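Q: Sharing a structure with you now.
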Amino acid sequence: MADLPYSAEALSLLRPRAKALLRKRMRQLRGSLPPDARDRRSAAVTARVIALPCWQAARAVALYDSMPDEFDTRGLLDDAVARGLDVALPVVGEGRALSFRWLVRAGERHPTAMSAFGIAEPTAEAPEVDLAHLDVVVVPALAMDPRGHRLGFGRALYDNTLTLMPRAVRVAAVFAFQMIAEVPDEAHDQRVHLVVTDEDTYRVDDAP
């Protein structure tokens with residue numbers, strides 16, 4: 001049997017570098033998408049997510065306030081509100097995991113404020129979410145692969161938080177050009193259960 005070209009130690013150093021280069025490239029690609037194309041693609045992604053059995057059965061979902069160049073989550077929020085679902089949004093703190101607060105709870109909408117990252121977060125007046133009670137969590141990503149591996153933004157906040165959501169079906173919503181053959185994965189990376197694009201839906205083997 002031939003020796004591997006790289007040792008395990010060398011590979012552990014190469015993966016973070018590969019991820020950093022991939023992040024830069026995917027940011028450039030996503031940033032080059034015209035606004036009207038983003039709107040069309042977002043509408044297609046939204047329709048696919050809404051059609052998922054887990055979304056149809058959900059009572060409490062976690063979304064995120066999307067950045068201008070990523071999948072627009074407003075369509076999902078509108079659908080969730082119309083269905084009477086409870087909706088949580090993440091709050092970035094100083095720790096290594098995200099906390100979530102209710103944006104909509106029992107029909108009541110709580111106030112938000114712009115964070116240092118330029119996204120809307122529920123204020124401290126909004127009740128904190130018991131993560132164990134969430135049915136679906138929609139996660140952002142710069143790139144995805146069909147195995148459910150996600151390229152995030154490098155802080156591992158979602159990776160550290162997803163383990164605290166034992167009931168939640170993990171759904172990554174991205175544009176089709178963000179799908180790649182393989183995301184370089186590390187030991188701490190958490191896979192999602194479903195990847196939804198404007199062209200297809202990928203179900204990972206261990207999806208509930």
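The values are calculated or read from the model by the stated rules, or taken from the named source; none is laboratory data. Fair warning: this is a prediction, and the values are worked out from it, not measured in the lab. When we count neighbours, we look across all protein chains shown, and the Cβ atoms used for this are built from the backbone with ideal geometry, even at glycine.
Q: What number of residues within region 169-203 are at pLDDT below 90 and touching a Gly at 6+ places or on another chain (Cβ under 8 Å)?
A: Of the residues in region 169-203, 0 are at pLDDT below 90 and touching a Gly at 6+ places or on another chain (Cβ under 8 Å).
Q: Mind checking which residues of region 27-65 are crowded, with 19+ Cβ neighbours inside 10 Å and either under 19 Å from residue 181 (Cβ atoms) or touching a Lys or Arg at 6+ places or on another chain (Cβ under 7 Å) (or both)?
A: Scanning region 27-65 gives a single hit, 30.
Q: From the set of residues in region 47-66 that are touching a Pro at 6+ places or on another chain (Cβ under 8 Å) and not in a helix (DSSP H, G or I), which is farthest from residue 198 (Cα to Cα)?
A: 62
Q: Return yes when residue 21 is exposed (fewer than 12 other Cβ atoms within 10 Å of the Cβ), modelled with pLDDT under 85 and assigned to a loop (DSSP other than H, G, I, E, B) and no when it is not.
A: So residue 21 does not fit the description; no.
Q: Just checking, does region 115-122 include any residue being aromatic (Phe, Trp, Tyr) and either at pLDDT 95 or above or crowded, with 20+ Cβ neighbours inside 10 Å (or both)?
A: No, there is no match, as no residue in region 115-122 is aromatic (Phe, Trp, Tyr) and either at pLDDT 95 or above or crowded, with 20+ Cβ neighbours inside 10 Å (or both).
Q: Quick one: what pairs do we get from region 50-67, first residue farther than 24 Å from residue 92 by Cα, second assigned to a helix (DSSP H, G or I) and not hydroxyl-bearing (Ser, Thr, Tyr), C-beta under 7 Å, 6+ apart or different chains?
A: Taking only residues 6 or more apart or on different chains, the pairs are 50/79; 55/49.
Q: Being more than 23 Å from residue 53 (Cβ to Cβ) and aliphatic (A, V, I, L, M) narrows it down to one residue among 176, 143; which is it?
A: Criteria check complete, one pass: 143.
Q: Checking residue 81 against (1) surrounded by fewer than 20 Cβ atoms within 10 Å (Cβ to Cβ); (2) outside any loop (DSSP other than H, G, I, E, B); (3) touching a helix residue (DSSP H, G or I) at 6+ places or on another chain (Cβ under 7 Å): exactly one of these is not met. Which one?
A: All conditions are met except number (3).
Q: Please specify each residue of region 170-192 satisfying the condition of being under 20 Å from residue 76 (Cα atoms) and either in contact with a Pro (Cβ under 6 Å, 6 or more places away or on another chain) or small (Gly, Ala, Ser) (or both).
A: Passing the criteria: 172, 173, 176.
Q: Consider residue 94 carefully, then state whether it is acidic (Asp, Glu) and more than 14 Å from residue 196 (Cβ to Cβ).
A: Against the criterion (acidic (Asp, Glu) and more than 14 Å from residue 196 (Cβ to Cβ)), residue 94 qualifies.
Q: On the given criteria, is residue 161 within 18 Å of the chain's Cα centre (by Cα), surrounded by 13 or more Cβ atoms within 10 Å (Cβ to Cβ) and at pLDDT below 95?
A: Considered against the rule, which asks whether it is within 18 Å of the chain's Cα centre (by Cα), surrounded by 13 or more Cβ atoms within 10 Å (Cβ to Cβ) and at pLDDT below 95, residue 161 comes out as yes.
Q: Give, as residue ranges, the strands (runs of 3 or more DSSP E) completely inside region 90-208 that count at least 3 residues that are at negative phi, touching a strand residue (DSSP E or B) at 6+ places or on another chain (Cβ under 6 Å) and among the aliphatic types (A, V, I, L, M).
A: 136-139, 169-173, 194-196
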